[in-house]
Amino acid sequence: MKKIYSLLILTLCSLSFSGVMMAQVCSSPGTTIYGLTNAGAIYPISTSNANVGAKVNTAAYSNPAPSGANAIGYNNINGQFYYFKRSPSSGTQQFVSYDPTLNVYNYLTSCPTANNVNSGCVTFNGLGYYCLDVMGGLFYYNIAGNSWTQVTTTMMDQNNANVTAIIQSQSSGDIAEDGLGNLWMCTSSSSQYGLYEIKAAVPTTVTATVNVIKVVAPGTLTPTGTSFAGVAFGTNGAMYLSTSADNRLYMMNANYSLSYIGTFNVGNVGADLTSCNFPIALLPVTWHSFSALLQSDGDVSLNWIVSTQVNNKGFGVEYSQDGATWTELAFIDGAGNEEQDASYSYIHHSPAAGKNFYRIRQVDNNGLASYSAIKTIDIQQSNVLVSCWPNPAKDQIQIRTTKSSMQGASVRIFDRSGKLIIQSVWASEFCSINISSLPAGIYLIHIQSVEGEMYNTKVLKQ
């Protein structure tokens, strides 16, 4: 009986010790992420100031020593880290898992690549692990089966650009999966970086071509001329990016700009990142595309497509004539929560001569905002003068120009909301239009000649 009690006490102590170790790893998932050095050391990192805590994996590695350790991911289901202790390009590849409860390493089946691997993550459901080699090969590791599949060597974005070639040219970066199963992929060189999304469900079997969405253009400049090496998520959907060369931590904002958090007090800890977080609400929307097109009638057609809308209140269509001072033309309601692609459009009637700048401001229900890219439409200044008389007017107006002939030109009058009110054809030396039935206010007159030239003027109806 005494032996049984002793065994029970020993077992309870062991369980208590395990619980403490697990708590140490994920005790503060909202403020802690984890970094892996190329020497195979795992450290906790504070997301508030980039301070690095005590080393997690205190157990010594067996020979050979780590070489180019990278591509770490954390499994929320079994509580283990997965990473390459030795890179495939080292000649003696070693893919391992580390159990922080037992403080032991497990040596797993090698990935079927001989290229360097610096991007890796565990899936949100804990069933697998993805990694990218520097040649753009995407691989999937089945954790239960301890087996690998080369998913693809070809990735294309929504504009049919070859993302595999970008990965090859920007050979640094990292990947991380969110709570919806979308795989986020940062590519980086020392001078430029980009961000892509592979929509769920990400393939786990051989696929000829994997489609990705470009979120941040791969030509975006890095902040300090050093490459990004790690990516990890916070509980609130924040995305953190690290550099290894100058040991910095950044947070990506909702408008895809970067905020500097701090400098690591342990060198090389930014060589790779992971976290205990698989957030569902990542960014308010994923921008798929945004275009501005000058139509034949002189209007500008704005069209944008977004996906993965999370608590999306809607879109403000913003306009500027100098690219600095912006006004809102209209607000269009969003879909709230939607995982499918959604298309939106707006027509800007009678833009000004010269440069016209457009952008879309997305707003979520919490007031956070993100912006599309800025599009510019340049409307050449005309030497033709257009006048409206009388102005202000009550009943009849006459529209005149300095152009020798405007016969056959189309004349359209819009209210301030952009609604077409009157449409007519220029029939003689000047165009006469009855506006007596219109409510008082300012109206925009848009004229297009038979040659396609466009002119604008305004009238005040009393």
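A few comments on the model shown:
- Taking 19 Å as the straight-line reach from the Cα of K199, the aspartates and glutamates in range (excluding those fewer than 8 positions away in the same chain) are D157, D174, E177, D178, E338, E339, D341.
- Taking 4 °C and 1.567 mPa s as conditions, the chain diffuses translationally at an estimated 51 µm²/s according to Stokes-Einstein applied to its Kirkwood radius (Cα pairs).
- Segments 107-114, 90-97 sorted - mean Cβ within 10 Å per residue, highest first: 90-97, 107-114
- Helix 2-26 axis, angle to the chain major axis (alpha carbon atoms, nearest 10°): 30 degrees
- Were the residues from V206 through E453 laid out at 0.36 nm apart, the gain over their Cα-Cα distance would be 83.5 nm.
- A 1.4 Å probe over all protein chains sorts V210, V134 by accessible area into V134, V210, starting with the largest.
- Per-pair calculated FRET efficiency, R0 = 41 Å: N160 and S405 via Cβ, rounded to 0.05: 0.35
- Note: relative contact order over the range 222-261, using C-alpha pairs below 8 Å and six or more positions apart, is 27 percent.
- Protein-only accessible surface order, largest first, of W389, W304 at 1.4 Å: W389, W304
- Where the chain is the region considered: accessible area per residue in Å², 1.4 Å probe: 44 Å²
- Karplus-derived 3J(HN,Hα), 6.51/-1.76/1.60, for each residue of the range 77-82, Hz, glycine and proline x: 7, 9, x, 10, 8, 10
- Integer Hz, Karplus 6.51/-1.76/1.60 couplings in order for the range 448-462, x for Gly and Pro: 10, 6, 5, 7, x, 6, 10, 9, 9, 7, 10, 9, 9, 8, 8
- Legend: calculated FRET efficiency, I442 to S289, from the Cβ-Cβ distance at R0 = 25 Å, rounded to 0.05, equals 0.15.
- Sorting the segments 262-273, 320-331 by their residues' average number of neighbouring beta-carbon atoms within 10 angstrom, most packed first, yields 262-273, 320-331.
- Relative contact order %, the chain, counting alpha carbon pairs below 8 Å whose residues are six or more apart: 9 percent
- Check: the chain dipole with +1 on Lys, Arg Cβ and -1 on Asp, Glu Cβ, in debye: 620 debye
- Exceedance of the 29 Å cut-off in Cα-Cα distance is limited, within the set K214/K313; K375/K461; K214/K419; K403/K458, to K375/K461; K214/K419.
- Our coupling estimate for the range 242-251, obtained by passing each phi through the Karplus curve with A = 6.51, B = -1.76, C = 1.60 and θ = phi - 60°, is 10, 10, 9, 5, 10, 6, 10, 10, 10, 10 Hz, Gly and Pro reported as x.
- Our helix-only sum for the chain, with -39,500 (n - 2.57) per DSSP H run of n ≥ 4 divided by its residues, gives a mean residue ellipticity at 222 nm of -2500 deg cm²/dmol.
- Cα-based shape type of the range 222-281, given that a ≥ b ≥ c are square roots of the gyration tensor eigenvalues and the cut on a/c is 1.5: oblate
- In this simple spin-label approximation, I332 and S27 carry label points 7 Å from Cα along the Cα→Cβ vector, and these lie 5.0 nm apart.
- Here each label is just a point 7 Å from Cα along the line to Cβ, and for I422 and D378 those points are 3.6 nm apart.
- The separation of the range 43-71 from the range 215-281, counted between C-alpha centres, amounts to 17 Å.
- For the chain, carbon and sulfur atoms together expose 52% of the accessible surface, with a 1.4 angstrom probe and every protein chain in place.
- Proximity of backbone amide H atoms, modeled 1.01 Å from N, is registered between T222 and Q192, Y193 at under 5 Å, excluding neighbours fewer than 5 places apart on the same chain.
- Lys/Arg +1, Asp/Glu -1 at C-beta; the chain dipole; positive extreme among I332, T149, G179: G179
The values are calculated or read from the model by the stated rules, or taken from the named source; none is laboratory data. Quick caveat: nothing in here was measured; it's all calculated off a predicted structure. Every residue, glycine as well, gets a Cβ built from its backbone with ideal geometry; the counts of neighbours run over all protein chains shown. Accessible surface is based on the protein model in full, side chains and every heavy atom, while ligands, DNA and RNA are left aside. Shrake-Rupley method; radii C 1.70, N 1.55, O 1.52, S 1.80 Å.
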